[in-house]
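So the structure is just underneath, and the comments pick up after that.
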Amino acid sequence: MQPFTTHTGVVAALDRANVDTDQIIPKQFLKRIERTGFGQFLFCDWRFLPDGAPNPEFELNRPAAAGASILLARRNFGCGSSREHAPWALADYGFRAVIAPTFADIFFNNCFQNGMVPIRLDEADVDELFRRTAAAAAAGGQYRLHVDLRACEVSDDAGFRKSFAVDPFRRQCLLEGLDDIGLTLRQVDAIGVWEQAHGLPPVAG
Amino acid sequence: MEGPPVLYIDRHLVHEVTSPQAFEGLRLAGRRVRRPEATFATPDHNVPTSDRRLPIADPISKQQIDTLRANCREFGVRLFDLDDADQGIVHVIGPELGITQPGMTIVCGDSHTATHGALGALAFGIGTSEVEHVLATQTLRQAKPKSFEVRVDGALAHGVTAKDLVLYLIGRLSTEGGTGYVIEYTGPCIRRLGMEERMTVCNMSIEAGARAGMIAPDATTFDYLRGRDLAPRDFDRAVAAWEKLPTDTGARYDRVEVYAGADVVPQVTWGTNPAQVTGIDAAVPDPDSFTDPNDRSSAARALEYMGLVGGTKLVDIPLDRVFIGSCTNSRIEDLRAAARVPDILTPGQRCASTSNRNFEGRQGKGGRTHLVSPAMAAAAAVAGHFVDIRKWEYK
């Protein structure tokens, strides 16, 4: 897994609550058997017009969001289907972090498996980031944030600085790009003991 | 590095959409499936609704099903294939075959895995990376969730179903009221529900944000499981163990909400998430009636997508289509009120659906989905618009 330590990037503001994983990646694109190549379908129904041209109204298609790698959204981001294709699509598009007041549980877990940090900030702080992103866009520019997973902090160059909470295990895995299956398999003896104690036959081989 | 607790997984259900990358991960790392006998697979998302003896027309759908077949063969996983009489939607066949049993931990790469909680199992959806983790280790790293008792007293009125009940609960809890919790549904109203109705309730726990919903096993559960293909052979001994599972009297939950079954009227969603719901005797709400700015803008967006205006009575909304199906409501009792089943809506088409999600585009780009119970859907199919099923001659 791609490690995550610090990242500085352009913020794309998606001013919507309850963005579900069906919107992040519609179901007709779930048929691939690879983990890659989903970015082209990200937010497909919103991002493209019926003729396939980019929808200029959609937040990610605006000049202020060009090259964005940090997604800012409203509460309950990633609700609905458990499809990991959603974080795959976001990561493949180029996002390294998603900031929202709250996330759906399964999506939140899935992000960590894909080198992407989901960051929960207070609603008031998220409001402030929306204001700063809009102000930069209104001035014809882009808004940048700095995410530091070592310090668990989000900051900009104009005085915004907030810390965020993250599970220490998930943080360590992300900082070091660790394979958590490998970590669990280090405890394989304990798993075997548990199985034996619960009447399961030994694992073959 | 300590990490979250390692939870042993008793049953792992696998389908074709969320598993190919997990099996590929095993192959690349030279790992095997630790407990093939605890792993059950079936293709259920790309299954044609037409004649399935014919080859699958969509080559990518076919590839996904072929991949599941090859993976099951390679890793020794039992597959209920397309031509198997036991093939079906994974959340329907798990209980039907007796794979799902009280007290088990059950996972599947599918958010509606909570369905199996109806039998007193701890069952929840996981992502594909976690599917790979369970295949390789038969465990999952899982922080302990908070507990949430949703108690429903009394009984449902005539014509009001489990689907109405769960939509009503989601409307009150919001789409994220259950986030971070496992819900236990308790109370006399829940105890009165049959097993299929309990599955409908638990299935939609995720629509309130809860990864899992469960109902303590009782005589209804045991009667349902007795004689199922994969139920325990020494059934009475199993029942004796299962009877010890229910939550202790006086146990404390992190959160408790109490509702009255009698307050539930038939429900219809008016928006683009399942919490945007109201009773059939009500009208579509005005977005300005919401105090929270997020709720207000969500409602305004939803009404625009749905082509509705605040104040319209639900019974005055005309319908183009009716859909009876999905893992929430596709059981035989649901289909007895059968209707023509369209696969996909065209933009702007309005559908009464027994499905579990009314998200934008979920039933086809631009399609407008209203979630209702199977009985309400069937009545709407006859009338051409929503009707209050309680006012019909309903046997």
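The values are calculated or read from the model by the stated rules, or taken from the named source; none is laboratory data. The model shown is predicted, which means the values in this text are computed figures rather than measured ones. Glycine also receives a Cβ, built like all others from the backbone with ideal geometry; neighbour counts cover every protein chain displayed. Note: areas computed on protein heavy atoms with side chains; ligands, DNA, RNA excluded. Shrake-Rupley method; radii C 1.70, N 1.55, O 1.52, S 1.80 Å.
Only one of the numbered conditions (1) touching a Pro at 6+ places or on another chain (Cβ under 7 Å); (2) under 29 Å from A:Gln172 (Cα atoms) is violated by A:Cys44, and that is (2).
Of all residue pairs spaced 6 or more apart or on separate chains, those with beta-carbon atoms under 8 Å, a first member in the range A:173-186 that is of a type in the set (D, E, K, R) and a second member that is open to solvent by 50 Å² or more (accessible area, probe 1.4 Å) and part of a helix (DSSP H, G or I) are A:Asp179/B:Ala29. B:Leu165 meets all of the listed conditions (1) farther than 20 Å from B:Val258 by Cα; (2) open to solvent by less than 10 Å² (accessible area, probe 1.4 Å); (3) of a type in the set (A, V, I, L, M) but one, namely (1).
Just to verify a result, which residue in the range A:138-164, among those that are open to solvent by less than 70 Å² (accessible area, probe 1.4 Å) and not in a loop (DSSP other than H, G, I, E, B), is nearest to A:Ala12 (Cα to Cα)? The qualifying residue nearest to A:Ala12 (Cα to Cα) is A:Leu145.
Within the range A:135-152, being among the charged types (D, E, K, R) and under 17 Å from A:Pro63 (Cα atoms) holds for one residue alone: A:Arg144.
Return the total of residues in the range B:66-77 being part of a helix (DSSP H, G or I) and either more than 10 Å from chain A (Cβ to nearest Cβ) or open to solvent by 50 Å² or more (accessible area, probe 1.4 Å) (or both).
Qualifying residue count, the range B:66-77: 7.
Residues in the range A:147-205 that are more than 12 Å from chain B (Cβ to nearest Cβ), in contact with a helix residue (DSSP H, G or I) (Cβ under 9 Å, 6 or more places away or on another chain) and of a type in the set (Gly, Ala, Ser): A:Ala158 alone. Got at least one residue in the range B:48-64 being part of a loop (DSSP other than H, G, I, E, B), crowded, with 19+ Cβ neighbours inside 10 Å and in contact with a Gly (Cβ under 9 Å, 6 or more places away or on another chain)? No, the conditions are met nowhere in the range B:48-64. From the list B:Thr221, B:Thr269, B:Thr312, the lone residue that is modelled with pLDDT of 95 or more, polar (S, T, N, Q) and under 30 Å from B:Lys144 (Cβ atoms) is B:Thr221. Just so you know, in the range B:177-195 the residues that are among the charged types (D, E, K, R) and over 16 Å from the mean Cα position of the chain (by Cα) include one that is nearest to B:Ile206 (Cα to Cα), and it is B:Arg191. When A:Asp105, A:Asp167 are checked against the criterion of being under 23 Å from B:Gly109 (Cα atoms) and surrounded by 22 or more Cβ atoms within 10 Å (Cβ to Cβ), A:Asp105 stands alone in meeting it. Restricting attention to the range A:47-65, the residues that are under 24 Å from A:Arg35 (Cα atoms) and touching a residue at least 40 places away in the same chain (Cβ under 8 Å) total 1.
On the basis of being at pLDDT below 95 and either part of a strand (DSSP E or B) or small (Gly, Ala, Ser) (or both), does B:Gly117 make the cut?
On the way: at pLDDT below 95: no; either part of a strand (DSSP E or B) or small (Gly, Ala, Ser) (or both): yes.
Spelling it out, it is not the case that B:Gly117 is at pLDDT below 95 and either part of a strand (DSSP E or B) or small (Gly, Ala, Ser) (or both).
If I ask for residues that are open to solvent by less than 10 Å² (accessible area, probe 1.4 Å) and either assigned to a strand (DSSP E or B) or at the interface with chain B (Cβ under 7 Å from one of its Cβ atoms) (or both), which ones from the range A:23-47 would you list? Hits for the range A:23-47 are A:Gln23, A:Pro26.
Listed by first and then second residue, the pairs with beta-carbon distance under 7 Å, at least 6 apart or on different chains, first residue in the range B:288-307 and open to solvent by 90 Å² or more (accessible area, probe 1.4 Å), second basic (Lys, Arg) and assigned to a helix (DSSP H, G or I), are B:Asp288/B:Arg296.
For the range B:362-383, which positions are assigned to a loop (DSSP other than H, G, I, E, B) and over 19 Å from B:Asp110 (Cβ atoms)?
Those that are assigned to a loop (DSSP other than H, G, I, E, B) and over 19 Å from B:Asp110 (Cβ atoms): B:Gly364, B:Lys365, B:Gly366, B:Gly367, B:Val372, B:Ser373.
Restricting to the range B:137-177, what's the tally of residues that are under 30 Å from A:Leu183 (Cα atoms) and either within 11 Å of another protein chain (Cβ to nearest Cβ) or at pLDDT 95 or above (or both)? Residues that pass the stated criteria total 10.
Might you let me know whether the range B:284-291 holds any residue that is among the acidic types (Asp, Glu) and either at pLDDT below 95 or not in a helix (DSSP H, G or I) (or both)? Yes, because at least one residue in the range B:284-291 is among the acidic types (Asp, Glu) and either at pLDDT below 95 or not in a helix (DSSP H, G or I) (or both).
Evaluation of A:Asn61 against the conditions (1) buried (at least 19 other Cβ atoms within 10 Å of the Cβ); (2) out of contact with any Phe, Trp or Tyr (no Cβ under 8 Å at 6 or more places or on another chain); (3) modelled with pLDDT of 95 or more; (4) not hydrophobic (A, V, I, L, M, F, W, C) shows that the sole unmet condition is (1).
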